[in-house]
1. Which condition number does ILE92 fail, the rest of (1) outside any helix (DSSP H, G or I); (2) in contact with a Cys (Cβ under 8 Å, 6 or more places away or on another chain) being met?
2. Only one residue in LEU415, LEU436 is of a type in the set (A, V, I, L, M, F, W, C) and within 24 Å of PHE137 (Cα to Cα). Which one?
3. Of all residues in the range 144-161, which are crowded, with 17+ Cβ neighbours inside 10 Å and either β-branched (Val, Ile, Thr) or not assigned by TED's automatic domain parsing to the domain that holds MET184 (or both)?
4. What's the number of the only condition in (1) β-branched (Val, Ile, Thr); (2) closer than 16 Å to THR380 by Cβ; (3) in contact (Cβ under 8 Å) with a residue 60 or more places away in the chain; (4) touching a Ser or Thr at 6+ places or on another chain (Cβ under 9 Å) that ILE157 fails to meet?
5. Taking only the range 20-43 into account, find how many residues are surrounded by 12 or more Cβ atoms within 10 Å (Cβ to Cβ) and closer than 23 Å to VAL335 by Cβ.
6. Here's a check for you: in the range 137-177, which residue that is at pLDDT 85 or above and not in a helix (DSSP H, G or I) is nearest to ILE410 (Cα to Cα)?
Amino acid sequence: MSHQYNSMRASQKPDFLIIWLYAVLVAIGIFCIFMVEYKPETNVLQTFLSGNTNYSKQLFFAGICIVVATFIMLADSKLFTVFANLFYAFGILLMLVTFVLGKNINGSKSWIPLGGGFNLQPAELCKIFVALALAKFLSRQETEFTKLKSQLIGAAIALTPAILSIAQQETGLALVYSSFFIVMYREGLPSTILIIGLSVAVLVVATLLLEPNTLAIILTGIAILIIFILHKQIKRKKQILTIVIALWAVCVGIQRFAVPYFFNNVLKCYQSTRIYSMVGKDYDCSQNKYAISTPSKPVRKPDDYNVRQSKIAIGSGGFMGKGFLKGTQTRGKYVPEQHTDFIFTSLGEAFGFVGSFIFLLLYLLLLFRIVRVAERQRSTFSRVYAYSVASILFFHITVNICMTIGLFPIIGIPLPLISYGGSSLLTFTVLIFILLKLDTDRQVALR
């Protein structure tokens, strides 16, 4: 009896390792923003208290996040299960309101002005609501995720905010919602879908790298080879030949028509240019309908300027780094958006490979810890939610770091807990502390 009592008491304790990692990463974020904005002639304490600098604002945001985190830890866990669908509906409503009241920032009308210089980005907050709604749906007794209907509903929950984000010209955040498919694979989504998705991705990259006729010949050659290998099975079952020919036609159609249409008519010129530059190719903006409709657009820096400056900054850090407040690239403001999307450059230049490696180890430890927490949950709701948190963090970290070193196009993905921004910091805080709260009540049946 006493053993059971002690077990129940132990389940009430939050995972302090995750809390410490969270606190350290938030502190590193404020520290990095300070490094790129500090001016020697100013008083450090006064600038932190003034609220006029980005690092002082981030400190203020961190204070708000502490209050929110405390409230979450004191709340009842069942609050998140009972109101999961209502939260989701509220998030979608907020995103729809953005179309009416939205403020245009950096070409994206995805912000709601709150006054006092602060803005709210509903697409960020919706990640929390999608995680809760997906957990709620998958934990229902009547949900059979092996059936196509349930899989389509799960996909719709994840992709609805993504579609709204694309409509708001926020393609970066829209891509984040694809991370929920990792959670769905964990819960039984067929691997066939993953194979199809990866195949399409490979085909798109091949379309960018190769000439249309060359790729069409290669695809035809692959189809002929498959028919030759399967000729015995084709004699017995003619449908196989039909399937191979149909797949060949779809692939050729994608590379000939779908991919060019997407780059010329869906993406804007600068977005297409960034993706092409990632594979070492130049994009002809004269083919883009947005470029044609705005011929008088002023000349701006090359689309790979950000990445080139970012790589110069990180590379100049060398093995040990240049030291605190000694980074010439980041201190000289050569790297655009270095307090938000390119915040990693300040750390890489100041502390080099060693500092960057230790920093990424902190992230890795956090991800492993969250996965461990996910696997010890007795409730399907808590497990799905925990994996959602891990997937979102993994996507953000991977894409942002790859973006800064030129391995991924620039799509405006913040580095979790590090990049400047109240919406981003609040979102990740709420995501992590709901997870911690659910974990403290893992002995309770949640649905």
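1. Failing condition for ILE92: (1).
2. Working: LEU415 fails: within 24 Å of PHE137 (Cα to Cα).
Answer to the check: LEU436.
3. Answer for the range 144-161, where residues must be crowded, with 17+ Cβ neighbours inside 10 Å and either β-branched (Val, Ile, Thr) or not assigned by TED's automatic domain parsing to the domain that holds MET184 (or both): ILE157, THR160.
4. (4) is the only condition that ILE157 fails.
5. Final tally of qualifying residues: 15.
6. Per the criteria, the residue is SER139.
The values are calculated or read from the model by the stated rules, or taken from the named source; none is laboratory data. A quick note: this is a predicted structure, and the numbers were derived from the prediction, not measured. No Cβ is skipped: glycine too gets one built from the backbone with ideal geometry, and neighbour counts run over all protein chains shown.
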